[in-house]
1. In segment 403-427, how many residues are closer than 17 Å to residue 291 by Cα, hydrophobic (A, V, I, L, M, F, W, C) and surrounded by fewer than 21 Cβ atoms within 10 Å (Cβ to Cβ)?
2. Can you find a residue that is farther than 20 Å from residue 122 by Cβ, modelled with pLDDT under 90 and touching a Ser or Thr at 6+ places or on another chain (Cβ under 6 Å) anywhere in segment 85-106?
3. So, residue 72, is that one assigned to a helix (DSSP H, G or I), loosely packed, with under 14 Cβ neighbours inside 10 Å and of a type in the set (D, E, K, R) or not?
4. If residue 219 satisfies all but one of (1) surrounded by 12 or more Cβ atoms within 10 Å (Cβ to Cβ); (2) modelled with pLDDT under 90, what's the number of the condition it fails?
5. Name every residue in segment 520-565 that is among the small types (Gly, Ala, Ser) and either at pLDDT below 65 or crowded, with 20+ Cβ neighbours inside 10 Å (or both), in order of residue number.
6. Please determine, by comparing only the residues of segment 84-109 that are among the charged types (D, E, K, R) and closer than 15 Å to residue 22 by Cβ, which one is surrounded by the most Cβ atoms within 10 Å (Cβ to Cβ).
7. May I ask you to say which residue of 212, 185, 271, 233 is aromatic (Phe, Trp, Tyr), assigned to a strand (DSSP E or B) and open to solvent by 30 Å² or more (accessible area, probe 1.4 Å)?
8. Which residues, counting only those in segment 325-352, are within 23 Å of residue 405 (Cβ to Cβ), open to solvent by 30 Å² or more (accessible area, probe 1.4 Å) and small (Gly, Ala, Ser)?
Amino acid sequence: MDERNKLSYLEQLTNLTFDYTYLLKVESNDEIVPEIIVGSFENITGYSIEELREKNFFLSIIYEDDLLTFLDYWGNIISGKPETIITRILTKSNEIKWVKIYSKPIINEDTRNITMIVGAVQEITEQKLMEEVLKESESTYRSLLESMGEVIVLADNNDHILYVNRKFSELMQYNKFEVIGKVGYNFLVDESERKKIITKNKLRESGIADSYETVFVKKNGEKMNVMVSGSPYKNGENRVIGSIGVINDITEHKSILARLKKQKDELDILYQAGRLLSMNLDVESIFNTVFDVISGVVDFSELFVAKYESEEQMIKYIYMRSINGADPVDISQVPAIPLAPEGFGILSDVIRKSSSIILNDYQETLKKSKTKVKVSVPRRRELAEEEESVSKPQSAIIVPIKLDEKVLGVIQLYSQNKDAYTSEQLVFLESLMHQASLAYHNAMLYQKAQEEIVVRKQAEKDLKALVNERETLLKEIYHRVKNNLQIVSTLLKMQSEKIHDPVVKKYFLESREKVTAISLIHDRLYGMRDLSKIDFSDYIESLVSSIKIMHTLDKPVKITVDSEKITLPIDIAMPCGLILNELILNALKHPFTNDSVNPEIQVKFSFDKIKNMYSMKVIDNGKGFPEKIVFNSNDSMGLKLINTLTKQIDGTINMKSSNGTAINLEFPPSSYTNRL
């Protein structure tokens, strides 16, 4: 190769990737002489070619710590092998630089001797420094990954595990040598979740990052819930070559969420149960609701409810139902149980202590109990045959039904399973029993009220019958009294017709009039609905009509009645009737003569609300009351009767005689009541 071609070849090499190229000539005495150097030799080493010619070309600039390695490399070149080496050189200014040297020997085909060595040099100081930084960064990054609290897993696109951190080993109980190189989802992921992981890996190959929940399986077989945040892992060419997963154990978090959801569901159940129970006043229906609510939350085979009668100290079952039974059983034949002495019975102890109890070893506890009472739910024959092999209840939970700390009863749940009940279930049952106790108490009050209503209605019915019987009897009495008085009146009339002495006849007629006045009272009472009162305005009209019929005067006297619609008790109406009868008769007998003009008697009856007094007036336009008779005296039988009856009703009576006579009787409405 001539000089021009050699130079051109070296320039082409330099223009590719190298900083400078060289051509060394090997002399016959094996001395190596730099023949051509093209590129930035002087800039890199600080030496000129002339300075280098005076020295050994390479040995003079190789860093002494790398000299032995370089001599091995150069020995391979001399022996005819082309090679590359990365080493350090010492520049003229004593600066250490990294270089990459490529050397190739040129062999003479005839002699088979090396005649030249051609090569190229590239300074890589900056690259080496970057590698050192990267190594240091990688170490730092690895330390960071190892110290993280989350599990870190690096896998390729086929889920072969490439790296796991220390947290992975702590959590999953595998060391890294047991998992590196293995397919992760084949042994780390629960079988039911593996298809999901394969799908997620395909997303990662597409460059998509996401988070998801799944189930991991530890080395000991224990399952745990985890949250995986997966991201694609790319190389320098931005191509996805795997995935990085950050994994957090969320088993406890899921457990807390599950408990919170369960508590919320139970609160919703309690709320709905409270609404149903508050609207119910039937005892069996209340505990049917309790049965339905509990069956959705707590495991049990039988449910018993007993009420406690504290005064009698007796326990009486009021509800029994099996989970296999469609309806509650008839408890009418179940006998009441006396409260056992303290320490002698499970149920009695719950009532005495007013506290709940869980017995997950019920049969063992029952054996130790000093008092045993066998109570069971009757089963259909076919069910009983099927259950012959079923063991006795293994667990029980007993909760008192309380209201204001007073024990109203107990509810008992029995299960065929051991360790069936927990403290959380006990809290739920106690909350439900608080609502059930209110509903049960209200139902008992309602039941008692219904019983009292039945008794009251029966009493009212009996009383009404008694009143009707009394009223019938009173009417019959009034009717018979009236008839008897009419007989007496008729007898007096008949007797008076045979008497010729006018004075005697007069007394007979006056007696008859008094009897008639009393008879009219009984006649009105017989027709009244309320036998204790009488329509006195109607009575006045009847009395006046009767007097008109019985008295025939030479000249008729006009009698007018002006009365308010007033009812009076019989004990006031009777004396008032007799007083009115006497006053009208006196007005007919004394003030009028045959020469009287337009004789008239006015009867007025009213109630003065301001005075709170009744007023009965008899007014005539006759010649006035006889002067020889004192009105308030007892000179005659009639006046004596008027004054006596006026005192009887706590009344007052007075008379005014001017252009006729006006007599006014006043009496209070409360006189009879006060007397009672």
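The values are calculated or read from the model by the stated rules, or taken from the named source; none is laboratory data. Treat the numbers as computed from the prediction; the structure is a model and nothing was measured. Reconstructed Cβ throughout: ideal geometry from the backbone, glycine too, with neighbour counts over all protein chains shown. These accessible areas exclude ligands, DNA and RNA; they are computed on the full protein's heavy atoms, side chains included. Shrake-Rupley method; radii C 1.70, N 1.55, O 1.52, S 1.80 Å.
1. Going through segment 403-427 one residue at a time, the tally reaches 2.
2. Checked against the condition, which is being farther than 20 Å from residue 122 by Cβ, modelled with pLDDT under 90 and touching a Ser or Thr at 6+ places or on another chain (Cβ under 6 Å), segment 85-106 yields at least one hit.
3. Yes.
4. Only one criterion is unmet by residue 219, namely (2).
5. Once the filter is applied, which keeps residues that are among the small types (Gly, Ala, Ser) and either at pLDDT below 65 or crowded, with 20+ Cβ neighbours inside 10 Å (or both), segment 520-565 yields only 527.
6. Only one residue fits best here, namely 100.
7. After ruling out the rest, the residue left standing is 233.
8. Across segment 325-352, the qualifying residue is only 343.
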